[in-house]
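J.: Please find one structure pasted underneath; my questions will follow.
The values are calculated or read from the model by the stated rules, or taken from the named source; none is laboratory data. Source: prediction; values computed, not measured. So basically every Cβ, Gly included, is an ideal-geometry build from the backbone, and we count neighbours across all protein chains shown.
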Amino acid sequence: MMLADTVRAQSINNDVKDIVAAIDTFNTRNPAEKVFLHIDRPYYTNTDTIWIKGYLLNNQLAYSAKSGLLHTELLNDTGRVVMRIAMPVLDGISFGQMVLDSALITEGNYTLRAYTGWMQNNGTESFFTRQIYIGRVDEGSLLAKIDAIAAAKNGKETVDTRVQLLRQDGSRAILQKVQLKLTDGQRTFLNQNVQTDVEGKVNFGFELPAKANTSRLMFVAKYQTQTGEYKTMQLPVPINSPGHTDVQFMPEGGYMVNNLTSRVGIKAIAENGRGVNVTGEVIDSKNNIVAPIKTLHKGMGVFEITPLPSEAYTARIVLPGGTVKSYPLPQVKPSGVVMCVMNHPERPSVMVVIQRSANIAETGNYLLVAQGEGRVCYAAVINFKQGTNSINVMIDKQLLASGIIRFTLLSMQKTPLAERVIYIEGNNHLNINIKAGRQATDSVSMDLHVTTTDGQPVQGAFSIAVTDNNQVKADSVNMPDIATYMLLTSNLKGEIEEPGYYFAQANTAQHLDMLLLTQGWTAYIWKDVFDKAYKPEFLPGYANRVTGKVVSGNRPQANIKVTLLSTKQPVVFRDTVTDSNGRFSFTDLPRIDSPAFIVQAVGKKGNMFESMVYIDEFIPSKTSISLAPRIAPWYVNTDTTLLNYNKQNITRKKELDGLYAGGGRYLQEVIIKGRKVIKGSKFYAGYGAVPDLVLDEKEMNTAKKTSIEQLLSKRVSGFSSRLFRKKALEYMVNDGLAYFFIDGFEIETFYNPSDSPTPNEHYNYVRSYLSQLTAEDVRGIEVKTTMMMIVLPDDKDKKKELHRVTYIEITTWSGDGAFMKRAKGRVLYRPFPVSWPKNFYQPKYTSGNKALNNLPATIFWAPNLITDKEGKAKLTFMLPPKGPACTVIVNGANMDGKIGYNRVKLGL
């Protein structure tokens with residue numbers, strides 16, 4: 001850290017040292033974590049496997065030693081988590097796979113999200129997210145070309161839409177009947193039946209809904225195939241009405257102040273969520289032009305303005321197409337401080353210009369702080385000379401860290417007054433050289449050589465994906481890479497268009513500075529920095545570790561023996577003693593698939609006592625509806641690469657179906673699907689041989705603390721509580737009553753109605769079981785609907801009749817019924833299962849194995865290639881003799897401050 005003198009050479013007093021020490025202490029106790037996921041390709045089908053390599057780094061780009069577990073989620077368009085895995089992290093490295101299940105994954109847009117428990121302290125903005133599209137393998141689906149033009153007619157905005165439907169062989173879908181539903185994912189605005197003409201085209205118009213999220217507007221088209229099967233397709237409506245352009249203004253430092261010159265960033269965003277360049281001017285209340293406006297890149301620009309008291313300012317913007325629209329500028333403060341940071345790439349120093357209003361007292365100090373890499377690298381007391389209201393501070397760039405630097409101007413009362421983010425070029429980048437050539441007729445050898453920018457060899461960890469250019473479009477500008485993400489994207493808010501542009505192109509420093517002006521964000525709240533009592537809400541997570549505390553009478557219990565016993569093989573028994581805060585920890589537990597442990601507190605005399613054992617459980621982060629622009633499905637306005645991708649998937653699926661009944665996918669071993677079995681279940685075969693639906697241990701682990709009532713409502717079609725025979729509430733599945741068994745005992749056995757039962761007494765009795773039990777307590781649930789001779793609940797004559805009923809068998813972990821959930825001082829804990837990595841399958845391409853000669857989109861995946869002391873590594877992957885051109889993408893880090901990426905095309 002450099003504690004610089006001010007311009008007036010004033011010494012730094014103890015107050016300043018205390019403030020700087022508080023900032024550094026906070027950063028040390030609450031180190032930031034950043035995670036980047038390298039995945040094998042940008043799009044998938046719902047029977048694919050997503051191969052994942054995670055890099056967990058700190059602000060210095062060294063490996064994070066804080067967390068040992070990385071949570072990766074797949075969220076659908078509505079923000080619901082459809083899949084979640086937990087991958088172990090060792091020295092910042094994590095890799096695994098997400099095996100997509102077509103029963104859970106429908107076609108559509110998804111968000112891949114990754115974070116640690118510790119990262120939740122900085123909010124969801126700190127998480128890694130990436131938009132992907134997941135389709136389905138479908139030979140009979142149609143292709144669509146769609147175009148839309150928005151225009152104002154009779155004071156209303158209408159959209160003229162042109163759609164052409166084609167079959168996959170290129171022929172037109174003539175006289176095809178289609179039902180169209182217009183939706184933005186939350187609301188439905190239109191239902192219309194249409195029919196294509198002899199060219200497969202249909203033209204129609206509609207009035208643009210006032211409340212629609214136009215960036216996510218789409219048609220859901222339902223049609224019948226030539227084989228009579230009904231299918232649906234999603235058609236994003238490409239509306240781009242200039243009048244709906246969103247223009248935002250961001251004053252540098254945070255505010256504009258009367259009589260002080262400010263730079264104001266501008267960003268114009270079209271309806272499709274993309275930046276769009278505009279021109280215009282700022283005018284005052286008298287229509288005088290105050291400042292010209294011109295954006296330079298992706299709708300971003302900057303202009304200067306000196307606002308005057310009692311004036312109101314408006315930006316008059318010329319939008320694409322010539323439409324002129326006015327936007328108010330942000331409110332101007334009557335007095336205050338303004339900060340401007342000048343960072344010219346060719347100059348050795350950064351200049352910070354600070355202005356204050358004339359009515360602010362002459363005396364008084366300010367503190368200018370610059371932070372980078374998680375530390376204070378510059379601090380200076382600012383004191384204005386008598387009679388001046390402006391001061392320039394020159395800071396040598398060699399004193400600053402490389403990467404993102406955050407300048408903050410604080411009062412001596414620790415209140416932030418202005419902030420600004422800039423970027424300092426450094427030597428964080430790695431050079432990755434890739435050479436490849438044929439080793440044999442069916443294989444390729446590849447050599448990696450990794451060096452620093454000054455040519456020194458680098459030992460590090462790298463991940464490599466090789467994809468087929470005929471099936472995968474690997475866009476270098478839009479594809480996320482570790483260098484761009486760690487150095488830039490992870491420090492900004494919102495979506496960054498073409499992030500690779502700012503490092504791949506020369507002379508982009510001005511555009512990068514505008515990006516930082518408009519999209520910088522702060523990962524923490526300043527009041528927390530100076531709060532000595534601040535404690536993070538979320539703890540880091542670890543694989544193979546159980547931690548928690550013992551409490552009695554709301555007081556932590558010190559020096560209490562705690563035992564841990566596994567309920568599965570291998571048998572694990574451990575004991576420990578709580579510390580002065582009542583906390584305990586069991587570490588280095590062996591690897592157990594779907595683990596479950598009984599954790600028990602033992603009194604000082606060796607007996608159980610009145611206490612509660614609380615486990616530190618992972619709490620998944622909240623989700624929200626995705627607002628990112630939709631990725632168009634492969635069949636909309638498609639190209640030859642995507643058509644070939646679908647064709648190859650169809651062919652490959654047919655061949656795999658021929659090899660493995662019911663289909664298959666390539667991991668290290670072939671997975672054969674069979675009927676799910678619940679261990680310890682007492683499901684009675686007389687209900688109808690086998691269950692119709694089995695909710696197994698995997699689903700229970702995912703549902704966690706969800707009540708069984710909520711889980712059944714979500715997973716059993718037709719399950720609900722409603723009036724039976726218009727008399728009383730009962731649980732039913734469609735039109736039949738539901739009967740519940742827990743560990744083989746029918747809960748009706750224990751029902752003892754009162755002498756004068758209330759209408760819903762039986763329902764409330766059953767509900768007491770279903771609401772008390774959670775998925776956490778249950779090993780599995782089996783459901784079977786059948787016709788049986790039963791006595792209905794309201795039948796006073798107890799006469800058996802034939803009725804449709806649904807039997808629901810609930811198997812608990814204890815096996816002893818519903819009321820063995822928690823004993824005093826004891827808890828059954830089932831951690832979220834850890835997903836362990838599998839090997840990527842590489843077939844041998846032989847002439848006799850036609851099924852395996854059909855290339856997958858991902859030809860090769862190596863998640864953890866380690867370079868030696870000379871910075872070199874060698875690998876081999878399989879490729880047919882007449883294999884296609886490939887794209888190789890490499891991401892990696894030396895896990896100690898340097899990161900690198902490269903992308904090359906191979907013609908082999």
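J.: Restricting the stretch 893-908 to residues that are under 26 Å from N470 (Cα atoms) and either of a type in the set (D, E, K, R) or within 25 Å of the chain's Cα centre (by Cα) (or both), which is surrounded by the fewest Cβ atoms within 10 Å (Cβ to Cβ)?
T.: Once the filter is applied, the top-ranked residue is K905.
J.: I would also like to ask the following. Kindly evaluate F538 against the criterion of being of a type in the set (F, W, Y), part of a loop (DSSP other than H, G, I, E, B), on the phi < 0 side of the Ramachandran plot and not assigned by TED's automatic domain parsing to the domain that holds G117.
T.: So F538 passes the test.
J.: Only one of T563, T547 is outside any loop (DSSP other than H, G, I, E, B), modelled with pLDDT of 90 or more and under 35 Å from the mean Cα position of the chain (by Cα). Can you tell me which? Walk me through how you get there before you give the answer.
T.: Working: T563 fails: under 35 Å from the mean Cα position of the chain (by Cα).
Result: T547 is the single residue among T563, T547 that is outside any loop (DSSP other than H, G, I, E, B), modelled with pLDDT of 90 or more and under 35 Å from the mean Cα position of the chain (by Cα).
J.: Next up: Check M479, M486 and return the single one that is closer than 23 Å to E373 by Cα, under 20 Å from the mean Cα position of the chain (by Cα), of a type outside the set (G, A, S) and not in a strand (DSSP E or B).
T.: Step by step, each of M479, M486 is checked, and only M486 is closer than 23 Å to E373 by Cα, under 20 Å from the mean Cα position of the chain (by Cα), of a type outside the set (G, A, S) and not in a strand (DSSP E or B).
J.: Quick one: would you say S445 is surrounded by fewer than 23 Cβ atoms within 10 Å (Cβ to Cβ), assigned to a helix (DSSP H, G or I), touching a strand residue (DSSP E or B) at 6+ places or on another chain (Cβ under 6 Å) and small (G, A, S)?
T.: no
J.: Which one is nearest to E33 (Cα to Cα), of the residues in the stretch 535-546 that are surrounded by 15 or more Cβ atoms within 10 Å (Cβ to Cβ) and touching a helix residue (DSSP H, G or I) at 6+ places or on another chain (Cβ under 8 Å)?
T.: Out of the qualifying residues, it is P540.
J.: Looking only at the stretch 757-786, count every residue that is in a helix (DSSP H, G or I) and either crowded, with 16+ Cβ neighbours inside 10 Å or among the small types (G, A, S) (or both) and tell me the total.
T.: Number satisfying all stated conditions: 12.
J.: Considering only the stretch 88-98, I want to know if a residue exists there that is over 23 Å from A465 (Cα atoms), touching a residue at least 40 places away in the same chain (Cβ under 8 Å) and more than 12 Å from the chain's Cα centre (by Cα).
T.: No: the stretch 88-98 contains no residue that is over 23 Å from A465 (Cα atoms), touching a residue at least 40 places away in the same chain (Cβ under 8 Å) and more than 12 Å from the chain's Cα centre (by Cα).
J.: Now for a separate question. Could you check the stretch 332-364 and list, in sequence order, the residues that are surrounded by 13 or more Cβ atoms within 10 Å (Cβ to Cβ), out of contact with any helix residue (DSSP H, G or I) (no Cβ under 8 Å at 6 or more places or on another chain) and polar (S, T, N, Q)?
T.: Of everything in the stretch 332-364, those that are surrounded by 13 or more Cβ atoms within 10 Å (Cβ to Cβ), out of contact with any helix residue (DSSP H, G or I) (no Cβ under 8 Å at 6 or more places or on another chain) and polar (S, T, N, Q) turn out to be S335, Q355, S357.
J.: Where in the stretch 320-408 are the strands (runs of 3 or more DSSP E), entirely inside, with at least 1 residues that are among the charged types (D, E, K, R) and touching a His at 6+ places or on another chain (Cβ under 7 Å)?
T.: none
Residues checked against (1) loosely packed, with under 15 Cβ neighbours inside 10 Å; (2) polar (S, T, N, Q); (3) at pLDDT below 90; (4) in a strand (DSSP E or B):
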| site | (1), (2), (3), (4) |
| --- | --- |
| E139 | yes, no, yes, no |
| I146 | no, no, no, yes |
| L190 | yes, no, yes, yes |
| E199 | yes, no, no, no |
| N203 | yes, yes, no, yes |
| G228 | yes, no, yes, no |
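J.: Can you find even one residue in the stretch 159-174 that is surrounded by 14 or more Cβ atoms within 10 Å (Cβ to Cβ), in contact with a Pro (Cβ under 7 Å, 6 or more places away or on another chain) and either touching a residue at least 24 places away in the same chain (Cβ under 8 Å) or of a type in the set (F, W, Y) (or both)?
T.: Taking every residue of the stretch 159-174 in turn, none turns out to be surrounded by 14 or more Cβ atoms within 10 Å (Cβ to Cβ), in contact with a Pro (Cβ under 7 Å, 6 or more places away or on another chain) and either touching a residue at least 24 places away in the same chain (Cβ under 8 Å) or of a type in the set (F, W, Y) (or both).
J.: Same structure, new question: Look through the stretch 251-281, keep the residues that are closer than 16 Å to T323 by Cα and crowded, with 17+ Cβ neighbours inside 10 Å, and return whichever of them is farthest from the chain's Cα centre (by Cα).
T.: E281
To keep it simple, each residue is scored yes or no on (1) surrounded by fewer than 18 Cβ atoms within 10 Å (Cβ to Cβ); (2) closer than 23 Å to G68 by Cα; (3) out of contact with any Leu (no Cβ under 6 Å at 6 or more places or on another chain).
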site: L492; (1), (2), (3): no, no, yes
site: T518; (1), (2), (3): no, no, yes
site: K527; (1), (2), (3): yes, no, yes
site: G548; (1), (2), (3): no, yes, yes
site: G553; (1), (2), (3): yes, no, yes
site: N559; (1), (2), (3): yes, no, yes
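Residue-wise test of (1) more than 30 Å from A114 (Cα to Cα); (2) in contact with a helix residue (DSSP H, G or I) (Cβ under 9 Å, 6 or more places away or on another chain); (3) part of a strand (DSSP E or B).
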| position | (1), (2), (3) |
| --- | --- |
| Q131 | no, no, yes |
| A151 | yes, no, yes |
| V163 | yes, no, yes |
| G170 | yes, no, no |
| Q186 | no, yes, no |
| P209 | yes, no, no |
| F219 | yes, no, yes |
| K231 | yes, no, yes |
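J.: Of the conditions (1) closer than 26 Å to T214 by Cα; (2) of a type in the set (A, V, I, L, M); (3) surrounded by fewer than 22 Cβ atoms within 10 Å (Cβ to Cβ), M83 satisfies every one except a single condition; which number is it?
T.: Of everything listed in (1) closer than 26 Å to T214 by Cα; (2) of a type in the set (A, V, I, L, M); (3) surrounded by fewer than 22 Cβ atoms within 10 Å (Cβ to Cβ), M83 misses just condition (1).
J.: For the stretch 590-599, how many residues are under 24 Å from F538 (Cα atoms), touching a strand residue (DSSP E or B) at 6+ places or on another chain (Cβ under 7 Å) and not aromatic (F, W, Y)?
T.: Number satisfying all stated conditions: 4.
J.: While we're looking at this one, here's another question. How about the stretch 70-104: which of its residues are touching an Asp or Glu at 6+ places or on another chain (Cβ under 9 Å) and either under 24 Å from G897 (Cα atoms) or of a type in the set (D, E, K, R) (or both)?
T.: R84 - this is the single residue of the stretch 70-104 that is touching an Asp or Glu at 6+ places or on another chain (Cβ under 9 Å) and either under 24 Å from G897 (Cα atoms) or of a type in the set (D, E, K, R) (or both).
J.: Now a separate question. Quick one: in the stretch 432-473, of everything that is in contact with an Asp or Glu (Cβ under 6 Å, 6 or more places away or on another chain) and in contact (Cβ under 8 Å) with a residue 60 or more places away in the chain, which residue is nearest to F860 (Cα to Cα)?
T.: Applying the filter and picking the extreme gives A465.
J.: Ok, one more. Quick one: count up the residues across the stretch 701-733 that are touching a residue at least 40 places away in the same chain (Cβ under 8 Å) and at positive phi.
T.: 2
J.: Please find, among L57, L104, the residue that is among the hydrophobic types (A, V, I, L, M, F, W, C), at pLDDT 90 or above and touching a strand residue (DSSP E or B) at 6+ places or on another chain (Cβ under 9 Å).
T.: Of the residues listed, the single one that is among the hydrophobic types (A, V, I, L, M, F, W, C), at pLDDT 90 or above and touching a strand residue (DSSP E or B) at 6+ places or on another chain (Cβ under 9 Å) is L57.
J.: How many residues, within the stretch 581-612, are over 16 Å from V827 (Cα atoms), at pLDDT 85 or above and among the hydroxyl-bearing types (S, T, Y)?
T.: Going through the stretch 581-612 one residue at a time, the tally reaches 1.
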